[in-house]
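Visitor: Submitted below is the structure of interest, expressed as structure tokens.
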Amino acid sequence: MRPTFFSDRRYQSGLFIKRERLIRAVEEKRFHHMDMSRPTAEILVEGELSPFEHEALYKLVKKHFQLEQPSYSELLDGTIGTRVNITFHHPYERSFFTNVFQEDWRDLKELFKQIRYRRGRLGAAFTLTFADEKIRLVFSSGLLGEEELGSAMDQIGHLTGIVGHMMRPETMAEPLGQVETSYDRKSDRWQGFRGVGLNDRREYVFDESLYRWKTG
């Protein structure tokens, strides 16, 4: 049985921290090169993409964002074939899907399905980060089937209202600097929302029954 994203908390936390350091290094290196007339994005691939996949992903994201060529790093997680990390420097809100990405969100979903399919048994996983001045929101998948991947991507496009309510000041004792969530295959939903306090750096979890953030 393969581990889920949060099944081995210590192991997965270590992978997440390493991945975040890589992503942030790419962001800092490229930030001063970007034209600020459009939102920026970065792509970090853990493992490999084919030349076709590389070019298709680059062209699709570059249609809407200031973007340099994807960066590559060693694969940190041996349970998958490839992980594609995309950071969008844009708030996670409805306008991202209606005004920025528009119909190409569906094309990104289909491209992810192709990347997953071409990895065979090992498959592929994806991390999508929405970063603005206040918070980083991270959607990170494990290995998913084709239908599961499609559902996970569709849900990201429709959860802006729910996540917005979760992030209201009255739901938290401490402002959060980062929130991450994983997709659960059994329940077919993004769950396990975890956050890190902006000032106290403590870990918080979202309690759905109380509809509040509490210390983990």
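Visitor: Where in the range 127-204 are the strands (runs of 3 or more DSSP E), entirely inside, with at least 3 residues that are within 13 Å of the chain's Cα centre (by Cα)?
Guide: Passing ranges, in order: 136-140, 176-184.
Visitor: Considering only residues that are more than 14 Å from Q114 (Cβ to Cβ), acidic (D, E) and surrounded by fewer than 20 Cβ atoms within 10 Å (Cβ to Cβ), which ones fall in the range 39-58?
Guide: Residue satisfying the conditions is E48 alone.
Visitor: In addition: Just wondering, is there one or more residues in the range 114-126 that are more than 30 Å from P51 (Cα to Cα), in contact (Cβ under 8 Å) with a residue 40 or more places away in the chain and not hydroxyl-bearing (S, T, Y)?
Guide: no
Visitor: While we're looking at this one, here's another question. Filtering the range 77-98 down to residues that are surrounded by fewer than 17 Cβ atoms within 10 Å (Cβ to Cβ) and farther than 20 Å from E133 by Cα, which residue is modelled with the highest pLDDT?
Guide: By that ranking, first place goes to T98.
Visitor: Suppose we filter the range 41-73 for residues that are closer than 18 Å to Q102 by Cβ and touching a Phe, Trp or Tyr at 6+ places or on another chain (Cβ under 8 Å); how many remain?
Guide: Number of matching residues: 4.
Visitor: Also, quick follow-up: Kindly establish whether E133 is of a type in the set (D, E) and farther than 18 Å from E42 by Cα.
Guide: no
Visitor: Out of everything in the range 189-216 that is under 22 Å from S141 (Cβ atoms) and of a type in the set (A, V, I, L, M), what residue ends up being surrounded by the most Cβ atoms within 10 Å (Cβ to Cβ)?
Guide: V196
The values are calculated or read from the model by the stated rules, or taken from the named source; none is laboratory data. As the structure is a computational prediction, the values presented were derived from the model and not from experiment. All Cβ positions, even for glycine, are placed from backbone atoms using ideal geometry, and neighbour counts span all protein chains on display.
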